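Okay, structure first, notes after.
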Amino acid sequence: MDEARFLQLISRPDPTVEERVMRGCLRVLAAGYGCVVRTRNGLFDRGWKRSEAVGVPVISIGNLTTGGTGKTPLVAYVVDWLKRCGKAPGIVSRGYRSVAGVNDEKLVLDRLCVGTPHVQNPDRVTAVRQLLANERVDVIVADDAFQHRRLQRDLDVVLIDALNPWGYGALLPRGLLREPIDALRRAGVVVLTRADQLDAESKQAIWNDVHRWRPETEPVEVAFQPMSVRSFSGELVDHLDDPVVAFCGIGNPDAFRATCQQAGLNVVGFRAFADHHHYSEQDLDTLGKLMERHQAKACVATLKDVVKLPRPTINGRDVRFIDIAARVLSGSDVLDRALTQATLAR
């Protein structure tokens with residue numbers, strides 16, 4: 001079952017009889033998964049399993065769900081904040097679906113955080129030790145590490161996507177939650193991402209859910225603002241009224257659709273691939289035919305997609321990407337205070 005079919009199975013409001021049966025099976029699997037997660041968390045909570053300190057402050061950027069909540073632009077935001085404060089940050093990440101030891105998120109962060117050392121390893125403790133042994137680093141930013149509790153951290157920044165905050169309300173594989181919502185108790189800061197794409201009443205409902213598990217939370221809300229449209233090589237593109245085909249292989253393709261609208265693009269066709277998709281020649285041929293069908297002059301994607309493409313054109317048409325940046329809409333003082341306290345922790 002591919003990713004699109006799986007998401008349809010767990011999210012459709014009017015499931016078929018077959019889908020209801022399959023959901024029941026997934027619910028049983030989710031119950032078993034939940035037992036494992038709760039047992040593991042309980043071992044850490046009681047001190048029977050211990051987190052390992054690494055000698056420098058650690059700031060984790062994570063979430064409760066699978067899929068795209070905007071961790072990469074938040075990592076870039078935090079790295080930039082640390083550099084402006086005179087720190088020498090380094091990044092560690094898992095390296096999910098990497099090729100030759102590098103995945104799309106590292107390629108993107110290498111562009112967004114020029115000169116910042118970055119080590120990928122599923123064992124984040126080992127990654128940090130490799131980083132400290134080879135680079136001048138005085139603070140660690142751990143990408144997607146909320147569930148990696150073996151690495152001791154000084155601040156857990158937990159992201160919640162305003163467009164799908166609770167992963168359809170169930171643990172994997174019945175929903176998209178990696179762990180129960182009560183794990184928010186471990187969070188140092190909770191950030192609502194894509195907050196500009198939701199009305200005030202709906203946002204307040206999400207914060208009410210957060211406050212059930214972490215009453216002291218002070219809201220931080222973030223938008224991912226399209227800054228410009230750029231060519232494959234990074235040059236500015238001015239003619240935004242060109243008809244384009246948009247495509248992406250990210251965890252939240254609907255969010256990319258919204259970003260295209262915010263950027264003022266003339267999108268005449270759209271194609272979503274699975275998260276972390278690696279593009280084959282067949283995929284590029286499919287996109288080329290889609291552009292021909294819609295008489296598009298170019299295609300546009302996320303930077304996360306473009307860094308994996310082998311060439312700057314598809315079927316003779318330009319490849320472009322939308323350059324986005326995290327913008328704190330509210331609660332910047334909350335985030336600044338937490339980051340400051342974390343960097344002074346050691």
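Worth a mention:
- Solvent-accessible surface of the chain, taken per residue with a 1.4 Å probe and all protein chains present: 46 Å².
- Long-range tail of P(r) for region 226-334 (Cα pairs > 16 Å, %): 56
- With 10 Å bins beginning at zero, the pair-distance distribution over Cα atoms of region 121-280 amounts to 8, 27, 31, 25, 8 %.
- Rounded to the nearest whole Hz, the Karplus-based 3J(HN,Hα) values (6.51 cos²θ - 1.76 cosθ + 1.60, θ = phi - 60°) of region 331-339 follow the sequence x, 4, 5, 5, 5, 4, 5, 5, 5, with x at glycine and proline.
- Taking the protein heavy atoms of the chain in the context of the full set of protein chains, the accessible area attributed to carbon and sulfur is 50 percent at 1.4 Å.
- Convex hull of region 48-202 built on C-alpha atoms - directionally averaged projected area, nm²: 10.4
- For region 250-301: rounded, prolate or oblate by the Cα gyration tensor [a/c cutoff 1.5]: oblate
- When you filter the chymotrypsin sites (Phe, Trp or Tyr not before Pro) in region 93-195 for DSSP loop state and at most 15 other Cβ atoms inside 10 Å of their Cβ, you are left with TYR96.
- Where only C-alpha atoms are counted, convex hull volume of region 35-136 per residue in Å³: 131
- The 3J(HN,Hα) values that the Karplus relation (6.51, -1.76, 1.60; θ = phi - 60°) gives for region 23-32 are, in residue order, 5, x, 5, 5, 5, 5, 5, 5, 5, x Hz. Gly and Pro appear as x.
- Proximity of backbone amide H atoms, modeled 1.01 Å from N, is registered between VAL300 and VAL245, ALA246, PHE247, ARG320 at under 5 Å, excluding neighbours fewer than 5 places apart on the same chain.
- CYS85/GLU201 FRET efficiency (R0 35 Å; Cβ-Cβ; nearest 0.05): 0.45
- Span from the region 69-86 Cα centroid across to the region 244-289 one, whole angstrom: 26
- Remark on region 34-92: Rg and Dmax equal 15.2, 44 Å (Cα only).
- Number of Lys pairs (Cα under 24 Å; 8 or more positions apart or on different chains) in the chain: 15
- For the chain, a Kirkwood hydrodynamic radius built from all Cα pairs, placed in the Stokes-Einstein relation at 20 °C and 1.002 mPa s, yields a translational diffusion coefficient of 101 µm²/s.
The values are calculated or read from the model by the stated rules, or taken from the named source; none is laboratory data. Fair warning: this is a prediction, and the values are worked out from it, not measured in the lab. Note that each Cβ is placed from the backbone with ideal geometry, even for glycine, and that neighbours are counted across all protein chains shown. These area figures cover heavy atoms from the full protein model, side chains too; ligands, DNA and RNA do not enter into them. Shrake-Rupley method; radii C 1.70, N 1.55, O 1.52, S 1.80 Å.
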